[in-house]
Amino acid sequence: MTQTDLEPAPQPGSGETFRSTNRPSAPPTPPPKNGKRKKVFLIGGSILLVVGLILGIPYYIHSLHYVSTDDAYIRAHITAVAPRVAQQIVKVDVLDNQYVKKGTLLLTLDSRPYRANVAVLEAQLARAEAAAAGSRYQLAFTRQRATAALDQATAGVQIAKAAVASALAGVLQAKSGLAQAEAAVALAAADVARAKADLASAIAKSERANSDYRRYRGLLKTRDVTPFQVDTYRADAITAAANVVAARKTLLAKRALLNQSHAGILAAKAQVQAADALVRQSRAQLIEAQAKEAAYDVVPQQVGQKTSDVSSSEAAIKQLKAQLSLAKLNLSYCNIYAPVSGYVTKKAIEPGDYVSVGQTLLNIVSKKTWVVANFKETDLTLMKPGDPVSITVDAYPQFTFHGYVQSIQAGSGAAFSLLPPENATGNFVKVVQRVPVKILFRHLPKNMPYLVTGMSCDPEVKVR
């Protein structure tokens, strides 16, 4: 009997599954997982779609009303200060980054050459005016002709005029001598002061030499020094004493020369007084001769030549006056003032520097600032002047500035570049152009931060 014959037969309806005694039963089938994965994907996608709609719709609506760019910078007026005359700088009165008002003295150039030029032209003008006065006198003389008495009176007038002119020339010569005497006094006084200084220096050197000689002579007894050294210091003391004597003689000579120069001033003043007296006398004689001449009838003759001389003299005077005005103008250019109010930047000068005409010495940046934003051309569809703008400066993220579109440049940045693109040759690749837009600030805060030109900012323009 086999083992299979001993197993009881399954009863019908017992609920047990019939199993073959020859093979094992199959394992149970696991439940499907694709349905759960699809469900998770659907839920996640729905959530992402809802979040995208929640975030995207406001952004889309915002983009319909606003345009912005990060290609924007703060700008300000920058004025370059340059000299109109070439000269050496004597004094600089401002510092880097200092705020100056319009009309503030920035620096001073050496004005001595221009002052000398003004003085020379003034002297030439005075001489030309004197010559013109002489020409007018001659014209008046030629216009007056009469009888022999008139000729005699006219001759007297001319003699008197010549005497006045000679007397005036003597006055000028005497004044010139007085100026030379005063200059000699100043030079002699300077020589006296220099001689005094030399005497004081010689006395000091003599005292020091005597002191050294006495000290070394005392050391000779202790044999700390050699007799040769003592003789050397004795010779130095003698030489210093001789220098003192020479300096005193020089001082006396300079003082004598100063006294002589003072005497020269007195003599020059006397000459000036004498010349003035001669001028007064000559003018009195001229008045008397003119009175005699006026008593006779006037006969015009030979007026044309004298009139031409007068016109030539007056033209020379006008030319000298124009040159004098130009010289005074150049003299005024030695003081350079601030043309506008603002901050001093890029100061590249110091006292002693030699500057040339048109050389940029420093720049002045005004306090008034604005924003230049380079918008894409596709952002300008609805933009127009007057649109409100919100501005955020990178340096001050805690502030939000307000402004408005002042103007839109009539040309893209590429159109005004140094080398504009040539699109008519080669292969063409369309590139979105950027157009500069000028934005002005409005309602700046009281605690206004320090805005400088070149700072980056992000403007946002409301176009709807």
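Can you tell me, using C-alpha contacts under 8 Å and at least 6 residues apart, the relative contact order of the range 221-371 as a whole percent?
Working: 31 pairs, mean separation 19.8, N = 151.
Across the range 221-371, relative contact order equals 13 percent.
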Förster-model FRET efficiency, 56 Å R0, Glu314 and Ile265, C-beta, rounded to 0.05: 0.90
Computed label-point distance, nm, for sites Lys36 and Arg127 using a 7 Å Cα→Cβ extension: 11.9
Candidate lysines for bridging to Lys318, where Cα separation is under 19 Å - those fewer than 8 sequence places away on the same chain excluded: Lys306, Lys328
Reachable lysines, given that their alpha-carbon falls under 24 Å from the alpha-carbon of Lys346 and they are not under 8 places away in the same chain: Lys91, Lys101, Lys102, Lys367, Lys368
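Using the crude model of +1 on Lys and Arg Cβ and -1 on Asp and Glu Cβ, and no other charge, please compute the dipole size for the range 144-299 relative to its Cα centre, in debye to 20. Let's see the in-between values first.
Values: 21 positive and 13 negative charges, 214 e Å.
Taking the Cα centre of the range 144-299 as origin, the dipole is about 1020 debye.
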Positive minus negative residues near Met455 (Lys, Arg vs Asp, Glu; Cβ under 12 Å): -1
Set of lysines with alpha-carbon distance to Lys249 below 20 Å, sequence-local pairs under 8 removed: Lys196, Lys205
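Quick one: putting +1 on the C-beta of Lys and Arg, -1 on the C-beta of Asp and Glu, what dipole do you get for the range 309-464 around its Cα centre, in Debye to the nearest 20? Kindly include the intermediate steps, with their values, before the conclusion.
On the way: 16 positive and 11 negative charges, 94 e Å.
Dipole of the range 309-464, to the nearest 20 debye: 460 debye.
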Charge sum, other residues only, whose C-beta stays under 9 Å from Phe375's C-beta, Lys/Arg counted +1 and Asp/Glu -1: -1
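Readers should treat all values here as calculations from the given coordinates under stated rules, not as data from a laboratory. Predicted model, so just to flag it, every value in this text is computed and none were measured. When we count neighbours, we look across all protein chains shown, and the Cβ atoms used for this are built from the backbone with ideal geometry, even at glycine.
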